[in-house]
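A short write-up of the structure that comes next.
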Amino acid sequence: MTQERQYRTEAVVLKRSDFGEADRILTLYTPERGKVRVLAKGIRRITSRKAGHLEVFVRSRLLVHGDRDLDIVAQAESVETYRSLREDLRRAACAYFAAELLDGFTGEEEGQAAVYDLLVETLRRLSAVRDLWLATHYFEMRLLGLLGYRPELFFCVRCRAPLKPEGNVLDPAAGGLVCPRCAGDDPNLPTVSPQAFEVLRFLQTRPYEVCATLSLTNRIRREVENLLEGYDVYLMERRLKSAAFLRDLRRHWQTLDAQTPESGT
Amino acid sequence: MGSRVLPEPVERLIEEFSRLPGIGPKTASRLAFFLLRAPKDQAAQLAEALQQLRERITFCEICYNISETSPCPVCADDTRDHGLICVVEEPLDVVAVERTREFHGVYHVLHGVISPVDGVGPEDLKIEPLLERIRQGGVREVIVATNPNMEGEATAMYLARLLAPLGVRATRLARGLPMGSDLEYADEITLLRALEGRREI
């Protein structure tokens, strides 16, 4: 057999589904092998030694045995568990969104350590920072870049002229922004306000700490997230389920927050 | 197209079996051939059981557990404490809690958990009927007994927020070390929660 019999790897659990009597199939993201699916036997039993180390959004060190169809997790030991993701629904919802993006944009191809690092640092941020919006959409923009879907934000995708802040539209099919001259007045493409133009470019090129200095109004946040979501949906050819949940939660929370004080970070 | 090797009824049964969870084409064929060779009344009993399953089972109008009657025997039982509601994900969880013989309240079955990746949101669960039950009054405490995993926790957090303004006590099942386990294999979150929830001995 040419296949490796056994390997060690670090991994973050992106999602899982029940399988058989007490097993689960896990979708992992690993630094070397990218997205892999593995079988974790018996982890739904209450005395499972691996269950807590193989929860969604836990970073673990694994020993995996190669099998004919699905590799099997032999050992698991958690490295980081991102506890506050499990104690704050808004943090959890953002992590689900990040996981859905990564799962949706990757096939079962070779891994990229940079993507893994981005995932780990994002989970860390989502379990600590106050501005969850920034941590989430910074991840989204950087992920697009790392996976080869980088939207063009500096030159018009049609005429290649350098873009000015005003009057551009986003054309997901063309892979980026279109200048006002080329766009004409196509009503189907969303326009990008000068502020959103600025924020998008920051997210794409500046370190997280620099992006954190931007002052973002709710209006700009909504605009930027809608532009990015439109871009994702075009590429993925399906809607993002966790984005809908995030929006529901926000709407719902606003009414509830009027009654209860906001949970601290 | 080759000619059909197996008679149509056999193929049909194999096809039906292979739609069941965890059953592949091989297992499906084995089951079908077993029934073909088994005594006639065994197949008849299976057929009857299947038919009764859908004909006689309904959902309790109060707790949404599966039942032959509505309200279900638990909800109709006056000796149980109707001011104490245990919220679970699935009907099988009711069975698990009942096995303890120590819970004398009533139940509420959500029929799922919030799972954004699978597109299951709060509106897909029996949350609104629970809130309605509480608004009608008489409920002191709601025990949230969803599973101690990501989705179960998310659902519990969501419920906690909705229950807070209703003025009922909302509690969560304790999380900690399972009986018969080994401390050295415990994960960090379980151990932390076990520490937080420690008791005098």
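The listed residues are B:48, B:90, B:55, and the only one of them that is of a type in the set (Asp, Glu) and closer than 19 Å to residue B:127 by Cβ turns out to be B:90.
Only a single criterion out of (1) within 28 Å of residue A:99 (Cα to Cα); (2) more than 9 Å from chain A (Cβ to nearest Cβ); (3) of a type in the set (S, T, N, Q) is not satisfied by residue B:115, namely (2).
Results for (1) more than 9 Å from chain B (Cβ to nearest Cβ); (2) within 18 Å of residue A:116 (Cβ to Cβ), shown as yes or no for each residue.
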| site | (1), (2) |
| --- | --- |
| A:5 | yes, no |
| A:8 | yes, yes |
| A:11 | yes, yes |
| A:31 | yes, yes |
| A:40 | yes, no |
| A:43 | yes, no |
| A:52 | no, no |
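The number of residues in the range A:51-82 being closer than 20 Å to residue B:190 by Cβ and at pLDDT 90 or above comes to 19.
Yes or no: residue A:96 in contact with a strand residue (DSSP E or B) (Cβ under 7 Å, 6 or more places away or on another chain), in a helix (DSSP H, G or I) and touching a residue at least 40 places away in the same chain (Cβ under 8 Å)? No.
The criterion of at least 1 residues that are crowded, with 17+ Cβ neighbours inside 10 Å is met by the following helices (runs of 4 or more DSSP H) wholly inside the range B:1-95: B:8-17, B:25-37, B:73-76.
Table: residues versus (1) under 25 Å from residue B:80 (Cα atoms); (2) within 14 Å of chain A (Cβ to nearest Cβ); (3) not small (Gly, Ala, Ser).
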| site | (1), (2), (3) |
| --- | --- |
| B:106 | yes, no, yes |
| B:119 | no, yes, no |
| B:126 | yes, no, yes |
| B:159 | yes, yes, yes |
| B:164 | yes, yes, no |
| B:181 | no, yes, no |
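Does residue B:134 count as at pLDDT 95 or above, crowded, with 17+ Cβ neighbours inside 10 Å and touching a His at 6+ places or on another chain (Cβ under 7 Å)? Considered against the rule, which asks whether it is at pLDDT 95 or above, crowded, with 17+ Cβ neighbours inside 10 Å and touching a His at 6+ places or on another chain (Cβ under 7 Å), residue B:134 comes out as no.
Report yes if some residue within the range B:111-123 is under 23 Å from residue B:168 (Cβ atoms) and among the hydrophobic types (A, V, I, L, M, F, W, C); otherwise report no. There is at least one residue in the range B:111-123 that is under 23 Å from residue B:168 (Cβ atoms) and among the hydrophobic types (A, V, I, L, M, F, W, C). Across the range A:163-188, the number of residues qualifying as within 24 Å of the chain's Cα centre (by Cα) and not in a strand (DSSP E or B) comes to 4.
Applying the condition of being among the small types (Gly, Ala, Ser) and part of a loop (DSSP other than H, G, I, E, B) to the range A:144-161 and asking which residue is surrounded by the fewest Cβ atoms within 10 Å (Cβ to Cβ) yields A:148.
The values are calculated or read from the model by the stated rules, or taken from the named source; none is laboratory data. Here the structure is a predicted model, which means the values were calculated and not measured. Please note: Cβ atoms are built from the backbone with ideal geometry, for glycine as well, and neighbour counts cover all protein chains shown.
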